[in-house]
Structure formats: C-alpha cells, structure tokens
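Student: Structure provided below as structure tokens; questions to follow.
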Amino acid sequence: MNEEQKNPEHKRRVRYSGKYPKRYEEKYKELNPEKYKDIAEHVKSKGNTPAGTHISIMVNEILEFLDIQPGQNGADCTLGYGGHTEKMLEKLQGSGHICGLDVDPIESEKTKARLEAKGYGEDILSVVLTNFKNIDQVAEKYGKFDFLLADLGVSSMQIDNPERGFSYKFDGPLDLRLNPNAGKPAYERLREMHRDEIEGMLVENSDEPYAQQIAATISSFQKAGQKIETTMQLRRVIEKALNFLPEREKKDAVKKSCARCFQALRIGVNDEFEVLYEFLEKLPGVLKPGGKAAILTFHSGEDRLVKKSFKYLYNEGVYSSYARDVIRPTAKECVDNPRAKSTKMRWVVKAEE
C-alpha cells in the first residue's frame, strides 16, 4: 500500500454562495433529512420539498378509506420514498405484510434501507423491483390483498434530480425513464418520431394546446441537425415555438407548455397509459373479497381510465362499491405541498363472493 492509499486526500463538500444552496448536488443537508431535521422543516415551511425526499399526498384520506387492520396483507404498487408505505406499516402494528413495488432500482434500494432502519424487515415488508402492471405475479407469490394503493405520480426525488431529466427547471439529460436501466431515454425516442407523431403524443398525453407549433419546431430543429438531448435544449425549443404569443402572455405559456410537454414525453417513454390499463384489468383478480384499492391520479387521462374501469366493473358486479366522485386534497395540504394540487383519489371495493 503506497502513501496515497494510506492517507487519501480529504475532499471538502462543494461550497455554495448565499445562505442556502441552489444546486441539487450542493443540498447535502436536505438530502439527509433524518440528520438535519431543522433544515428539512425550514424547506417544508416555505411550501417546498427537501431535495432527495418526497412528501406523501392525501395520507389521512387513504388510511381512512383502507381501514388497515393488524394481520392484513397489502400492497403499495408505487413504493417511491416509502411515505405511504410507512404509514400503512404502522397500522399493521407488527402483524401482517406489505409488498412495495417499484421499477426504479435507485430509489427503491434507498427506501428499503430507510424502512429497514426503522424496524421494517422482510418479515413484514417485501420490496419488489417490478412494474405494477405485474401485480398478478406479485399476488401469486405473496397472496391476494386486503388493501392496495397505487400513487401514479412521479416522486419528488426523481423530479428534483437533474440527472434523471424529469424537470424543465434543471439542466440535465433528457431521460425521463422511471427505470434508467431499461428502455430508451426521451431524447432517443424524440429523435425517432416524425412531426405528426410528436403532435399526436402531445395532444393525447397532455392536452397541449400548442402541440402543432411545438411539434413543427422540434421537427425543424431535428431536420437542421440541431440536437435536443438535454432538458434546457427542449425548453428553448418550446420557447421558440411560442414566439408568436404576445410578450405579456409568453412567460406563463412557456412554463405551462414545458410542464405539459415533459409530462407527455414521460408518459410515452414509460408507456404509462398502457401500464395503467393492464393494471386495472388485473386489479380485481388480486384483491380478496371485500378488498379495498385506492388510486391517486395526477392528470385527466389517468383519471378517465380509472373512472371508466371502476364504473364498468361495478356494473358487472365485480366491485360492490366505487368512488362516484373524486376526492381532492384539502386546501391546507395544497398550501403545505403545492405538488398535491392536481391530485385526484378514487377508490373501489371488491364484491364479496
């Protein structure tokens, strides 16, 4: 062992200007909320989410509906940061089991370690690295479920990390894959699409009102050999596409169109509508008689699929009851966590046999 190996050079954390860091990689205190609780609480008090964490939405409403009892078998189909899962585990009081599903190998491993440190081991929690469209395979191994939750939103950890490419607010690769080890990143998918396909995707996946102009601009950039491989490059293309708008309207329009376009791309890259449709078809088969399921959606396309499925299967006698109206987060929750504003909750109960 040489001298350098014996005494490795100490590397200081990246310093930042100002009182609070602005770049994701500098927010080491926010990224460790268990250690720096005062920093995490300060960020939350300003209506923001600490970097690398996620604030679970509509926890009270979900727990009230599911009415989890000790000894029951359940599933969190979208594990994420594990906030919902932890609250459901508490309701089991040490007796029962929950399967936590996720396609993201990066975040699911962190969540598993975090929950294990709180005493939730394999005896009561199984973290399964799979897409929730495979819920039937999970039920075959772990048994049918008394309760089930599917939160269809993207986790804040994914949105806030520039390397994942989910947000137009941070510069990074235009990736948008929930599982970064599978499939093609968004920039590759976009490069292979024709103008009409891009326009159709923007309309179908996000109801983008300027889909025609944005698709035309993306196509012209690509034909001219200009790359669209980063989040900021796509944002600039959208800004250019909306140049025809009056200046007083443009800033807000660009912001909203960026959000919708990134959403449309994410849905396309991860085949989210197809996944949800397959999950809804399999859902009755994985619930026990009287079993309950709650689903959180975040845009109209998802909500329409869930509503249509629940209503049809209720009329067929598969479900004994379902949410005829959506349940929304409280006004206070929307203030405390702005990312909750677009949330819609629907529930369903499996008919007794």
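Student: When the range 172-192 is examined, which residues are found to be surrounded by fewer than 18 Cβ atoms within 10 Å (Cβ to Cβ) and closer than 17 Å to Gln226 by Cβ?
Tutor: Pro173, Glu188, Arg191, Glu192
Student: Which residue, of Gly317, Gly285, Gly291, is exposed (fewer than 14 other Cβ atoms within 10 Å of the Cβ) and within 25 Å of Met88 (Cα to Cα)?
Tutor: Of the residues listed, the single one that is exposed (fewer than 14 other Cβ atoms within 10 Å of the Cβ) and within 25 Å of Met88 (Cα to Cα) is Gly285.
Student: For the range 193-212, which positions are surrounded by fewer than 20 Cβ atoms within 10 Å (Cβ to Cβ) and under 17 Å from Ala241 (Cβ atoms)?
Tutor: Once the filter is applied, which keeps residues that are surrounded by fewer than 20 Cβ atoms within 10 Å (Cβ to Cβ) and under 17 Å from Ala241 (Cβ atoms), the range 193-212 yields Met193, His194, Arg195, Asp196, Glu197, Gly200, Val203, Asp207, Pro209, Gln212.
Student: Cβ-Cβ distance below 8 Å, separation of 6 or more or different chains: which pairs start in the range 189-205 with a residue that is assigned to a helix (DSSP H, G or I) and end on one that is open to solvent by 60 Å² or more (accessible area, probe 1.4 Å) and modelled with pLDDT of 95 or more?
Tutor: Close Cβ pairs (under 8 Å, with a partner that is open to solvent by 60 Å² or more (accessible area, probe 1.4 Å) and modelled with pLDDT of 95 or more) amount to Glu199/Gln212.
Student: Residues in the range 69-106 that are touching a Phe, Trp or Tyr at 6+ places or on another chain (Cβ under 6 Å) and farther than 18 Å from Lys288 by Cα: how many?
Tutor: 2
Student: Return yes or no: is Val254 in a helix (DSSP H, G or I) and over 27 Å from Gly183 (Cβ atoms)?
Tutor: So Val254 fits the description; yes.
Student: Quick one: in the range 294-314, of everything that is of a type in the set (A, V, I, L, M, F, W, C) and surrounded by 21 or more Cβ atoms within 10 Å (Cβ to Cβ), which residue is nearest to Gln263 (Cα to Cα)? Please lay out each step first, then the result.
Tutor: Going through the range 294-314, the residues of a type in the set (A, V, I, L, M, F, W, C) turn out to be 294-296, 298, 305-306, 310, 313.
Subset that is surrounded by 21 or more Cβ atoms within 10 Å (Cβ to Cβ): 294-296, 306, 310.
Details: Ala294: 22, Ile295: 19, Leu296: 16, Val306: 18, Phe310: 24 Å.
Here the residue is Leu296.
Student: Can you say whether Gly83 is of a type in the set (Gly, Ala, Ser) and modelled with pLDDT of 95 or more, as far as the supplied structure shows?
Tutor: no
Student: Could you please let me know if Gly290 is of a type outside the set (D, E, K, R), in contact with an Asp or Glu (Cβ under 9 Å, 6 or more places away or on another chain) and part of a helix (DSSP H, G or I)? Reasoning before the result, please.
Tutor: Numbers: of a type outside the set (D, E, K, R): yes; in contact with an Asp or Glu (Cβ under 9 Å, 6 or more places away or on another chain): yes; part of a helix (DSSP H, G or I): no.
For Gly290, the condition - of a type outside the set (D, E, K, R), in contact with an Asp or Glu (Cβ under 9 Å, 6 or more places away or on another chain) and part of a helix (DSSP H, G or I) - is not met.
Student: If you scan the range 211-239, which residues turn out to be touching a Phe, Trp or Tyr at 6+ places or on another chain (Cβ under 9 Å) and in a loop (DSSP other than H, G, I, E, B)?
Tutor: Lys227, Ile228, Glu229
Student: If you take the residues of the range 327-353 that are of a type in the set (Val, Ile, Thr) and farther than 19 Å from Phe147 by Cα, which of them is surrounded by the most Cβ atoms within 10 Å (Cβ to Cβ)?
Tutor: Of all residues in the range 327-353, those of a type in the set (Val, Ile, Thr) come to 327, 330, 335, 343, 348-349.
From what's left, farther than 19 Å from Phe147 by Cα: 330, 335, 343.
Numbers: Thr330: 12, Val335: 11, Thr343: 23.
Going through the qualifying residues, I end up with Thr343.
Student: Next question, about the same structure. Quick one: in the range 140-166, which of the residues that are in contact with a Phe, Trp or Tyr (Cβ under 7 Å, 6 or more places away or on another chain) and modelled with pLDDT of 80 or more is most open to solvent (accessible area, probe 1.4 Å)?
Tutor: So, considering only residues that are in contact with a Phe, Trp or Tyr (Cβ under 7 Å, 6 or more places away or on another chain) and modelled with pLDDT of 80 or more, the one most open to solvent (accessible area, probe 1.4 Å) is Leu152.
Student: In addition: Could you look through the range 213-233, keep only residues that are in contact with a Lys or Arg (Cβ under 8 Å, 6 or more places away or on another chain) and open to solvent by 40 Å² or more (accessible area, probe 1.4 Å), and pick out the one that is farthest from Arg164 (Cα to Cα)?
Tutor: Checking each candidate, the answer is Gln222.
Student: Can you tell me how many residues within the range 238-271 are under 26 Å from Glu163 (Cβ atoms) and surrounded by fewer than 19 Cβ atoms within 10 Å (Cβ to Cβ)?
Tutor: The total comes to 6.
Student: Of the residues that sit in the range 312-332 and are of a type outside the set (D, E, K, R) and in a helix (DSSP H, G or I), which one is nearest to the chain's Cα centre (by Cα)? Spell out how you get there, then give the answer.
Tutor: At the first step, the residues of the range 312-332 found to be of a type outside the set (D, E, K, R) are 312-315, 317-323, 326-327, 329-331.
Keeping just the survivors that are in a helix (DSSP H, G or I) gives 312-315, 331.
Values: Tyr312: 27, Leu313: 26, Tyr314: 28, Asn315: 31, Ala331: 21 Å.
The selected residue is Ala331.
Student: Sticking with this one: Please work out which one of (1) under 30 Å from Gln72 (Cα atoms); (2) in a helix (DSSP H, G or I); (3) touching a residue at least 12 places away in the same chain (Cβ under 8 Å) is the condition Glu140 fails and give its number.
Tutor: Of the numbered conditions (1) under 30 Å from Gln72 (Cα atoms); (2) in a helix (DSSP H, G or I); (3) touching a residue at least 12 places away in the same chain (Cβ under 8 Å), the odd one out for Glu140 is (3).
Student: Ok, one more. Going by the structure shown, is Ser309 within 27 Å of Lys141 (Cα to Cα), of a type in the set (Gly, Ala, Ser) and assigned to a helix (DSSP H, G or I)?
Tutor: On the way: within 27 Å of Lys141 (Cα to Cα): yes; of a type in the set (Gly, Ala, Ser): yes; assigned to a helix (DSSP H, G or I): yes.
In short, yes.
Student: Quick one: would you say Thr297 is of a type in the set (Ser, Thr, Tyr) and either more than 26 Å from Val138 (Cα to Cα) or at pLDDT 95 or above (or both)?
Tutor: no
Student: Out of Asp123, Asp102, Asp136, I need the residue that is touching a helix residue (DSSP H, G or I) at 6+ places or on another chain (Cβ under 6 Å), modelled with pLDDT of 90 or more and surrounded by fewer than 19 Cβ atoms within 10 Å (Cβ to Cβ). Which one?
Tutor: Asp136
The values are calculated or read from the model by the stated rules, or taken from the named source; none is laboratory data. Since this is a predicted model, take the numbers as computed values, not measurements. Note that each Cβ is placed from the backbone with ideal geometry, even for glycine, and that neighbours are counted across all protein chains shown. SASA here: full protein model, heavy atoms, side chains in, ligands and nucleic acids out. Shrake-Rupley method; radii C 1.70, N 1.55, O 1.52, S 1.80 Å.
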